[in-house]
1. Taking the Cα centre of the stretch 281-336 as the origin, how large is its charge dipole in debye, to the nearest 20, when only Lys and Arg (+1) and Asp and Glu (-1) carry charge on their Cβ atoms?
2. Which value, in debye to the nearest 20, gives the size of the charge dipole of the chain about its Cα centre, when Lys and Arg are +1 and Asp and Glu are -1 at the Cβ?
3. In sequence order, what are the phi-derived ³J(HN,Hα) couplings for the stretch 200-209 according to the Karplus relation 6.51 cos²θ - 1.76 cosθ + 1.60 with θ = phi - 60°, rounded to whole Hz, with x for glycine and proline?
4. Which far-off residues, 5 or more places away or on another chain, put their amide H under 5 Å from the one on Arg294, with H placed in the peptide plane?
5. Using helices alone, I'd like the mean residue ellipticity at 222 nm for the chain: each DSSP H run of four-plus residues gives -39500 (n - 2.57), total over residue count, nearest 500.
6. With θ taken as phi - 60° and the coefficients 6.51, -1.76 and 1.60, list the Karplus ³J(HN,Hα) couplings across the stretch 125-142 in order, rounded to whole Hz; mark glycine and proline as x.
7. Through the Karplus equation 6.51 cos²θ - 1.76 cosθ + 1.60, θ set to phi - 60°, convert the phi angles of the stretch 300-317 into ³J(HN,Hα) values in whole Hz; use x for Gly and Pro.
8. Work out the charge dipole of the chain with +1 on the Cβ of Lys and Arg and -1 on the Cβ of Asp and Glu about the Cα centre, then indicate which of Ala13, Ser180, Pro301 is farthest towards its positive end.
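Every number here is computed from the coordinates shown, using simple stated rules; none is lab data. For clarity, every value in this text was computed on a predicted model and none was experimentally measured. Here the Cβ positions follow ideal geometry from the backbone for every residue, glycine too, while neighbour counts run over all protein chains shown.
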Amino acid sequence: MTYTVPKLTDYSATGLEKAVAECIRLCIDEASLVSDDAELKSFRDRWIGRKNGILTQINDLWLKGAPKDAKREAGIRVNELKARIQELVEAAHVGSDENAASAAERVDITLPGLRRPIGAEHPVMRTSREMVSVFQKLGYSVADGPVVDTDYYNFEALNFPPNHPARDTQDTLFIAGQQSKPQRERLLLRTHTSPVQIRTMEQMRPPIRIVIPGTVHRNDPPDASHSPMFHQIEGLAVDTNITFGDLKGTLDHAMKEFFGSSVKTSFRPSFFPFTEPSAEMYVSCFICGGSGKRGSDPCRPCKQTGWIEILGCGMVDPNVFEFVKDNGYDPKKVSGFAFGMGADRIALLKYGVDDIQLFFQGDVRFLQQWA
Ligand code: DAH
């Protein structure tokens, strides 16, 4: 609201006071709206311009129109007012930059809101979530554990004895400055999600069925198929009378759920310290349908074999149960199976991406494809 000089009828002390206060209030309001040099100039002219500025008008209207006996009082008041307005106009000049800034920052709540683009789920997270949900539907619950873990959980309690050569297969990143600690207490970046098997068995008595998605680290130089940080999904089922048949049936079902009902599974003997017997599980190539060929071209993802390696698995080694025996895992009474797979590798295959680095470079043009 802009100010227009009113005619004064009430020349009493309170009448004058009210008129003066109203004038000052509106001058302050107008000063706060000044946002650039041009506005500042017209603001100044409007209030203190010689010819027809507000102060000149007040002089004319209020003083000349004052009844004789109020002239003195009105004169004092108008002089005070003039001084105050002069100050305000000067301050507006001095602070014109600030005024501009504050005007620019003022929020117009009547404007429509800014639409923020909703991000897309990362392909690795999506793969992981979908795989986890296959197991959740089978009654598995989700567990997790620390990424920085101890040698004990990452190796020792998983039946990798100190100096066992199997440790070398997992190029471990150790936290520096731990030499003074006993080996089992030394911190490292977990090289797999398997330590969460032990951590969960310490917390929960059997029977258990858990899936463990998470990040792991290895000292691998980055290339198209390696990344020093990647993602695994681990699984563990422990109960009385769990057999290798349960392992095969569960994983075969899970792969059909995940890749489609036409895939087959194949188990080939392998070695992991924490499972006995151990196996690698392959699924028939869901790209070439198991033929090893795409038209007349060789199928690259399965290297023409018709099979793709998906995970490691096996029956939990009784030595592992020994570490959690006191929590109900007597190896004579319980048995179980475990498995672990790389979420990134599965995402590469599933979405036909040929370089794992693309997953971690954060290039929006790449990630937008999943939006
Ligand atoms: N932890 C293994 C690795 O990172 C994968 C693995 C193999 C997990 C067999 C398991 C298993 O639970 O039973 O290479």
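1. 340
2. Roughly 780 debye for the chain.
3. 3J(HN,Hα) across the stretch 200-209, in whole Hz: 6, 5, 5, 8, 10, 7, x, x, 9, 9.
4. Sorted by chain and number, the residues that satisfy this are Cys299.
5. Values: 12 runs with 133 residues, N = 371.
Per the formula, -11000 deg cm²/dmol.
6. Result, rounded to whole Hz: 5, 5, 4, 4, 4, 5, 5, 4, 5, 4, 6, 4, 5, 8, x, 7, 10, 9.
7. Rounded to whole hertz, the list is 6, x, 9, 6, 6, 8, x, 10, 10, 6, 10, 7, x, 7, x, 8, 4, 5.
8. Value: Ala13.
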